[in-house]
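All remarks here apply to the structure that follows.
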Amino acid sequence: MLPPQRIALTGASGLIGSALVGHLKSEGHTVQRLVRRAAVAPDEISWDPKAGTVDLAALEGVNAVIHLAGAGVGDHRWTSKYRSEILNSRLLGTTAIANAVAQVKPQTFISASAIGFYGETGNRAVVETDRAGDDFLAAVCREWEGAANLAGDVRTVKIRTGLVLDPTGGALGRMLPLFKFGLGGKLGSGRQWWSWITLHDQIRAICHLLESKIDGPVNLTSPNPVTNQEFTSALARALHRPALLPAPALALKIALGGFSTEILGSKKVLPQALLDDGFTFDYPHVIDALAQLVE
C-alpha cells in the first residue's frame, strides 16, 4: 500500500473523482480538490482553467496530481459550439494543470484521456502502442494527451478510460431504469465492441498507477471487452428481465446526434500496460460485474 501522501485532484465532483476522493481518504491520504473559485476550505486549491491559472503556492509540496476534469461527451448534442466546449475544456484545463505540474514537480502526474483515442476499431483489438483514430474524439484525445506532455520531466500517465460501469451514473446509470422495466435491448446492430471497466476497478487501477513506475498511455478497460449485444443480454439477465426492444441505429442518431457514433461505434481495447505491470482486475468479466452492480 502507498504510504500516506498529499494528492491534488481536478474533477473531484464527477463520477470517478468523487469515488476516488473517498477511497484515497480512506487509505489515509490527504486530498486537495482544485475548485474553479476562491478556495474557502483547507482541502481546496483555486484554479481557473480558462485563464490558465493555478494557485502554485497551495499546490507546492504535493506528491501527485490527478487531472480528471473535462466537459462530458454525452451530456449534450454535439453542436459545433459544444464540440468546441469538449475540446477546449480538455485542452485549456490540461495545459493549465500540466504547466503547474512542471513548476511544482510532484512525483506523479496522472491525466485523463479516453479510449476515443483509437477511433473506430471494428473487430480489431488495440493496445497502448496502436495509432490514434481519425474521428472527432480521436483528435480531441490527441490534443488532450499532447497538452499533458507540458508537465515536462515529471512521470506522466495518460489514462485512456473506457465505459465506466456504476449504477449511480454514466451509461449504466442511464440504462438501468429502462432495463428494470423490461424496455431494454441491444443498441443498433449490437455487434459493436464495448470496452468497459467497473468504477471499483477504475479506482483501484488509478491507485495502482500512483505506486507504479509506468509512464505514458495506459488503457483503463477490462481485459474482456464484449459486444453491445453481449452487454445488454448480461444486464437483462442480471436484472431477471427480457431484453427484447432493440434501439434502431437511426433512432439513436436522431436522439443523440454526434454522440451516437460513440454508442454505435466499435472499440475493442485491451489494458496491455496494466496487465504487464501486474495489475489484477476484481471484475474482469461483464456477467460477474453487472450481477454485482445491480445487486
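Throughout, read-outs are computed from the coordinates displayed, never taken from laboratory work. Source: prediction; values computed, not measured. All Cβ positions, glycine included, derive from the backbone under ideal geometry; neighbour counts span all protein chains shown.
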Rounded to 5, percent antiparallel among DSSP beta bridges of the chain: 15 percent
Summing Lys, Arg as +1 and Asp, Glu as -1, what charge do residues with Cβ under 13 Å from the Cβ of I110 carry, I110 excluded? 0
Loop-resident sites, the stretch 179-243, for chymotrypsin sites (Phe, Trp or Tyr not before Pro), counting at most 16 other Cβ within 10 Å (DSSP): F181
Please say if the stretch 63-140 is rounded, prolate or oblate, where rounded means a/c under 1.5 for a ≥ b ≥ c the square roots of the C-alpha gyration tensor eigenvalues, and otherwise the choice is prolate for a/b larger than b/c and oblate otherwise? oblate
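Kindly put S111, S84 in sequence by how many other C-beta atoms sit within 10 Å of each C-beta, fewest to most.
S84, S111
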Kirkwood-based Rg to Rh ratio, the chain, C-alpha trace: 0.96
Residues meeting the amide H criterion for Q32 (H placed from the backbone, H to H distance under 5 Å, 5 or more places apart or on another chain) are I7, A8, L9
With each label point set 7 Å from Cα along the Cα-Cβ vector, what nm distance links R174 and S80? 2.5 nm
With each label point set 7 Å from Cα along the Cα-Cβ vector, what nm distance links S46 and Q103? 1.4 nm
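Would you mind classifying the stretch 22-180 by shape? Square roots of the alpha carbon gyration tensor eigenvalues, ordered a ≥ b ≥ c; an a/c under 1.5 is rounded, otherwise it is prolate if a/b is larger than b/c and oblate if not.
prolate
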Within the chain, what is the longest stretch that has no trypsin sites (Lys or Arg not before Pro) placed in a DSSP loop and near at most 15 other beta-carbon atoms within 10 Å? 214-295
Taking the chain as a Gaussian network, Cα atoms linked when under 10 Å apart, which of S233, S80, S46 shows the biggest mean-square fluctuation? S80
Across the stretch 144-295, how many lysine pairs, 8 or more positions apart or on different chains, have C-alpha atoms separated by under 28 Å? Please give the number. 13
Whole-Å semi-axes of the ellipsoid equivalent to the stretch 163-295 (Cα gyration tensor, √5λ, descending): 28, 17, 12
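Which helices count as membrane-span-like in the chain under these terms: full DSSP H, at least 15 Å along the axis by C-alpha, Kyte-Doolittle mean of -1.0 or more?
Result, helices passing both filters: 15-26, 80-104, 136-148, 170-180, 199-211, 228-239.
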Could you tell me the extents of the stretch 17-98's C-alpha atoms along the three principal axes, largest first, rounded to whole Å? 43, 26, 22
From Cα coordinates alone, what are the radius of gyration and Dmax values for the stretch 177-225 in angstrom? 15.7, 46
Could you bin all the Cα-Cα distances of the stretch 132-223 into 5 Å bins starting at 0 and give me the percent of pairs in each, rounded to whole numbers? 3, 11, 16, 19, 19, 14, 9, 5, 3, 1, 0
Fraction of beta bridges assigned by DSSP in the stretch 105-194 that are antiparallel (%, nearest 5): 10 percent
Modelling each spin label as a point 7 Å along the Cα-to-Cβ direction, I'd like the E60/A125 distance in nm, to one decimal. 4.9 nm
When all Cα-Cα pair distances of the stretch 94-248 are considered, the percent exceeding 19 Å is 60 percent
